[in-house]
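Trainee: What follows is a structure written as structure tokens; I'll ask about it next.
The values are calculated or read from the model by the stated rules, or taken from the named source; none is laboratory data. For clarity, every value in this text was computed on a predicted model and none was experimentally measured. All Cβ positions, glycine included, derive from the backbone under ideal geometry; neighbour counts span all protein chains shown.
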Amino acid sequence: MKTRIRFYFLVLLIASISQGYAQNKPYPHLIQYLNPLPGAQYVSPSTNIIVRLSEPVDKKTIASNEITIKGSLSGFHTGHLIVSDDNRTMIVQPTFSFFLSESVTITLNKGINVQSGSAVGTYEYSFAISSRSMSNTIIKSSIERELEEIVSKTRSVNESPALISKTGYSLPSDFPDIALLKSNDPSPGFLFLSNVTFLSSNITNTPYLMILDN
């Protein structure tokens with residue numbers, strides 16, 4: 001009897017492991033990144049589809065039907081496909097938005113090859129569209145509200161750091177020092193930086209949004 005129970009337990013254990021492996025099936029070896037991610041929730045109805053490969057893609061093997069997009073409510077989608085400058089990233093912008101609360105299935109059909117001649121292979125995954133659409137105004141106000149909460153935790157309303165001069169500019173005394181550690185001769189322009197962190201509730205620094213002239 002004990003032997004039979006152990007046998008049934010082993011069968012159930014193997015079945016559960018197999019099911020878990022199927023649900024977390026790894027990407028084919030030539031697929032490096034997908035967006036939206038497989039199994040993603042609350043995806044924007046206007047999302048595009050991004051597939052990045054680990055090797056440059058052979059553009060001659062990309063056809064309009066090599067990537068199939070199907071919504072559970074909106075049906076099949078056509079879209080405009082481009083390959084980015086790195087020759088590894090394919091971006092598909094669907095011609096119309098997905099429906100709210102639907103599931104979207106993406107299928108990479110057999111036929112796409114990389115320049116070395118290897119086939120990417122077939123792969124299918126799905127993600128879920130959000131049940132409500134968030135406008136840019138709502139998103140902006142949500143971000144502003146979070147930033148205000150962060151600032152309020154690090155500095156009271158009545159506090160005003162003394163201004164001091166650094167390299168000819170008047171900056172708050174707690175403004176972070178910027179040190180250039182490495183340069184590979186970047187193009188001139190502005191750098192957008194921030195020391196804001198969302199990873200800890202114990203914030204000890206004053207958050208700043210910075211635009212630096214390179």
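Trainee: Could you check how many residues of region 60-79 are in a loop (DSSP other than H, G, I, E, B), modelled with pLDDT of 90 or more and surrounded by 15 or more Cβ atoms within 10 Å (Cβ to Cβ)?
Mentor: 2
Trainee: Of Ser170, Ser165, Ser101, Ser141, which residue is modelled with pLDDT under 90, outside any strand (DSSP E or B) and not acidic (Asp, Glu)? Steps first, please.
Mentor: Numbers: Ser170 fails: outside any strand (DSSP E or B); Ser165 fails: outside any strand (DSSP E or B); Ser101 fails: modelled with pLDDT under 90.
Selected residue: Ser141, the only one of Ser170, Ser165, Ser101, Ser141 that is modelled with pLDDT under 90, outside any strand (DSSP E or B) and not acidic (Asp, Glu).
Trainee: Please enumerate the residues belonging to region 30-46 that are closer than 19 Å to Val120 by Cβ and β-branched (Val, Ile, Thr). So that I can check it myself, show each step before the final result.
Mentor: In the first step, residues of region 30-46 are kept if they are closer than 19 Å to Val120 by Cβ; the result is 30-38.
The answer is Ile31, and nothing else.
Trainee: Filtering region 88-106 down to residues that are of a type outside the set (A, V, I, L, M, F, W, C) and more than 19 Å from the chain's Cα centre (by Cα), which residue is surrounded by the fewest Cβ atoms within 10 Å (Cβ to Cβ)?
Mentor: Thr95
Trainee: Inside region 29-43, can you point out the residues that are surrounded by 14 or more Cβ atoms within 10 Å (Cβ to Cβ) and assigned to a loop (DSSP other than H, G, I, E, B)?
Mentor: Leu30, Pro36, Pro38, Ala40
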